[in-house]
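S.K.: Here it is, the structure in full.
Each reported figure results from applying straightforward, stated rules to the coordinates on display, with no laboratory input. Worth saying up front: this structure is predicted, and the values here are computed from it rather than measured. For neighbour counting, all protein chains shown are included, and Cβ atoms are generated from backbone atoms with ideal geometry for every residue, glycine included.
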Number of protein chains: 2
Amino acid sequence: MSDNCVNGTDATKRWLSYRPEIKVLDCTIRDGGLMNNHLFSDEVTKAVYKSNVEGGVDYMEFGYMNSADMFSRDEYGPWKFCAEEDLRRIVGNNDTDLKISVMADAERCNLERDLLNRNDSVVDMIRVATYIHQLPEAIEMINLSHERGYETTINLMAVSTVPGSEVEAAIKLFADTPVDVVYLADSFGSMYSEQIHSYIKMYGDCLKGSGKELGMHAHNNQQLAYANTIECIIDGVNYLDASYAGLGRGAGNCALELLLGFLHNPKYHLRPLMECIRDHIAPMQEDLKWGFDIPYMLTGQMNQHPRAAIKFNESDDRGDYLKFFDMINDED
Amino acid sequence: MSDNCVNGTDATKRWLSYRPEIKVLDCTIRDGGLMNNHLFSDEVTKAVYKSNVEGGVDYMEFGYMNSADMFSRDEYGPWKFCAEEDLRRIVGNNDTDLKISVMADAERCNLERDLLNRNDSVVDMIRVATYIHQLPEAIEMINLSHERGYETTINLMAVSTVPGSEVEAAIKLFADTPVDVVYLADSFGSMYSEQIHSYIKMYGDCLKGSGKELGMHAHNNQQLAYANTIECIIDGVNYLDASYAGLGRGAGNCALELLLGFLHNPKYHLRPLMECIRDHIAPMQEDLKWGFDIPYMLTGQMNQHPRAAIKFNESDDRGDYLKFFDMINDED
């Protein structure tokens, strides 16, 4: 048998065992909320919460803590704002091992006003999302959230369109903040394994000695969300985003049922997810229509934001792959 | 910038360029035929053929050369048998750059009787599929096909359930045959990247010095068919199976549109596929229902043949993920 062969190697031992440091974050209600203006019913939201508790999931993300000055409560559901009373309506005092997270977009929040102290909230973690031109505000949001007692993460969005030197500089800035986890987010679902390895190596090098953990948030535009999440696990990434049946914007995310079935930590249980997907998630498919489809594949292959594909798939032209292909290839 | 970073490395040069040795084989009609007893209409079959010619695909596989003594022409369509006159009805004399292949299962064929000399046939390649207990017959089929002038490939099915020492022995036997390509087939869709790398290294080691090429045939039970095909490309595998919209048995195969979009060889064109999928493949989805679904995921995660999942998905219980989960977990 060769060294790297099917039996008896270190790799084999790794994949038969598990890494206890790995944390799984369910982003169904948050990322899926981008498909329905965050208008999930309490019944669905509670079912996902209950399934996460029973399934041993580590974090559940409910939505965004966006400012009600900027977005209307008439247009958007509660998970656009994640007010404390809305969260408590679902989780009570959350006397479980499941931690609660919310996402905060740079330039769309008023955390100074809206963020309670952690002692007064059921929220455990604030996850800041930032574009490259918003870094100073994002870092202030991290500092504020940390001061108020929260775990924090940060992700640099659309990183696949940012020059390498700027990515490196951004990640090094994060090293000097109190943030706990730096996420690689494949916003356009444009990356494949070698690019993932390359980014994770860069992120790791830039954070060396800082004690930060790495995270991965994948999109499924090219059917690579789960595969890329596995590649991150191999590279030592410990915070992993996934969602029920991959529910998320456009092509969706890494499917949680795939991920939990892969991780061998006995604390994770797949059975509750089967029930939740059958009763609550799959029935939304016909209306919300998330998941892999050729227009998302094409924007992913071209390293573009999926908004053109999302718009196309909301139109009567849905399914006319040739029309969409010609449309994006004709753009100057 | 670190060595393995986003800019300017050998890996980056590779993924921006292409490897001219790579051959793409479309197995839509062959593997998809397992979903409809090989009863594709001539219209659909011709449309796929035309699209492959225009798209620059290297090989198209039509079906099996099974023995009419063992299978009834009343039950099965023409692509269960691949008679010369049926092939010519679609491709004429095939005056194109697209090569034609058919698959031959060990113990289901009478090649001695049914296989013409290559000079008298439009078929270019015979692909033998064998289980571990059928090796001697499979090797005789390779020898016969080679003698009659064909390119040949061989794949060891269900390799994920065969002890490593037997896999090694089988691959070494193949090294001493005239076979051109040895395929890794992930029959159960149970493998992920580290296992793929491990198998490809083993296959490569066992074939060292033989001049054989390696091939990959992936299944999408865990949404990893395309990802695993990419990993094979990275490992130097040059023969890649894929199908339109992933059409194939159960969870299906690597989607050809994903693969052609990834390969940067300018001879490949995605546009004809968009038209063919829109007009001929997607309309079959509602009836044939191939593609990723949780029962296939569960058999993949458990390294089982997907037949239980296929049967379940053909029943009225389709969609009751919890029931299927309990069913396969309750088996002794």
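S.K.: Of all alpha-carbon pairs in segment B:174-332, indicate the percentage at a distance above 26 angstrom.
M.R.: More than 26 Å apart: 36 percent of the Cα pairs in segment B:174-332.
S.K.: Mean residue ellipticity at 222 nm from the helices of the protein assembly as shown, using -39,500 (n - 2.57) per DSSP H segment of n ≥ 4 over the full residue count, to the nearest 500 deg cm²/dmol?
M.R.: On the way: 30 runs with 260 residues, N = 664.
Only helices count here, giving -11000 deg cm²/dmol.
S.K.: Dividing the convex hull volume of the alpha carbon atoms of segment B:150-254 by its residue count, what do you get in Å³ per residue?
M.R.: So the per-residue hull volume is 93 Å³.
S.K.: For the rotation taking A to B, I'd like to know which residue in chain A has the C-beta closest to the axis, plus that distance in Å.
M.R.: Closest to the axis: A:Ala227, 2.
S.K.: Now for a different question. Would you mind giving the three semi-axes, in whole Å and largest first, of the ellipsoid equivalent to the protein assembly as shown according to its Cα gyration tensor?
M.R.: Semi-axes from the Cα gyration tensor: 45, 25, 24 Å.
S.K.: Also, I was wondering about something else. Provide the per-residue ³J(HN,Hα) series for segment A:238-252, in order, calculated from phi with Karplus coefficients 6.51, -1.76, 1.60 and θ = phi - 60°, each as a whole number of Hz, with x at glycine and proline positions.
M.R.: Values per residue, Gly and Pro as x: 10, 10, 10, 8, 7, 8, 4, 6, x, 3, x, 4, x, 6, x Hz.
S.K.: A further question follows. Could you tally the net charge around A:Leu259, taking each other residue with its Cβ under 10 Å from the Cβ of A:Leu259, Lys/Arg +1 and Asp/Glu -1?
M.R.: -3
S.K.: First select every other residue whose beta carbon is under 14 angstrom from the beta carbon of B:Leu207; then total the charges, Lys and Arg +1, Asp and Glu -1.
M.R.: Here the charged neighbours net out to -2.
S.K.: Also, I was wondering about something else. Using only alpha carbon pairs under 8 Å that are at least six residues apart, calculate the relative contact order of chain A and give it in whole percent.
M.R.: Details: 617 pairs, mean separation 56.9, N = 332.
Once normalised by length, the contact order is 17 percent.
S.K.: Next question, about the same structure. Amide H to amide H under 5 Å from B:Leu39: which residues, 5+ apart in sequence or cross-chain, H placed 1.01 Å off N in plane?
M.R.: B:Gly77
S.K.: On to the next question. Over the protein assembly as shown, what is the percentage of antiparallel beta bridges among all DSSP beta bridges, to the nearest 5?
M.R.: Working: 2 of 68 bridges.
Of all bridge pairs located within the protein assembly as shown, approximately 5 percent are antiparallel.
S.K.: Sticking with this structure for a sec: Roughly what percent of Cα-Cα pairs across segment A:19-149 reach past 28 Å?
M.R.: 12
S.K.: Moving on. Search the structure for amide H atoms under 5 Å from the amide H of A:Tyr183, placed 1.01 Å from N in the peptide plane, and list their residues when 5 or more places away or on another chain.
M.R.: Here A:Ile154, A:Asn155, A:Leu156, A:Gly215 satisfy the definition.
S.K.: Could you give each residue of segment B:19-31 its phi-based ³J(HN,Hα) in whole Hz, using Karplus coefficients 6.51, -1.76, 1.60 with θ = phi - 60°, and x for Gly or Pro?
M.R.: Using θ = phi - 60°, the values come out as 10, x, 5, 5, 10, 10, 10, 8, 10, 3, 6, 6, 6 Hz.
S.K.: I would also like to ask the following. Around A:Glu137, under 12 Å between beta carbons, what's the net of Lys plus Arg minus Asp minus Glu among the other residues?
M.R.: -3
S.K.: Also, quick follow-up: Using the Karplus equation 6.51 cos²θ - 1.76 cosθ + 1.60 (θ = phi - 60°), what ³J(HN,Hα) coupling, rounded to whole Hz, does each residue of segment A:270-281 give in order, writing x for Gly and Pro?
M.R.: So the Karplus estimates, Gly and Pro as x, are 7, 4, x, 5, 4, 5, 5, 5, 4, 8, 10, 8 Hz.
S.K.: Moving on to the next point. Okay, which of segment A:118-134 sit inside 20 Å, backbone N to the point 7 Å along the Cα-Cβ direction of A:Glu140?
M.R.: A:126-134
S.K.: Sticking with this one: Taking every pair of Cα atoms in chain B, average 1/r, invert it to obtain the Kirkwood radius, and report Rg/Rh to two decimals.
M.R.: Computed over Cα atoms, the ratio is 0.95.
S.K.: Skipping prolines and chain starts, which residues have an amide H placed within reach, meaning under 5 Å, of the one on A:Ala104, given they are 5 or more residues away or on another chain?
M.R.: A:Met65, A:Arg127, A:Val128, A:Ala129
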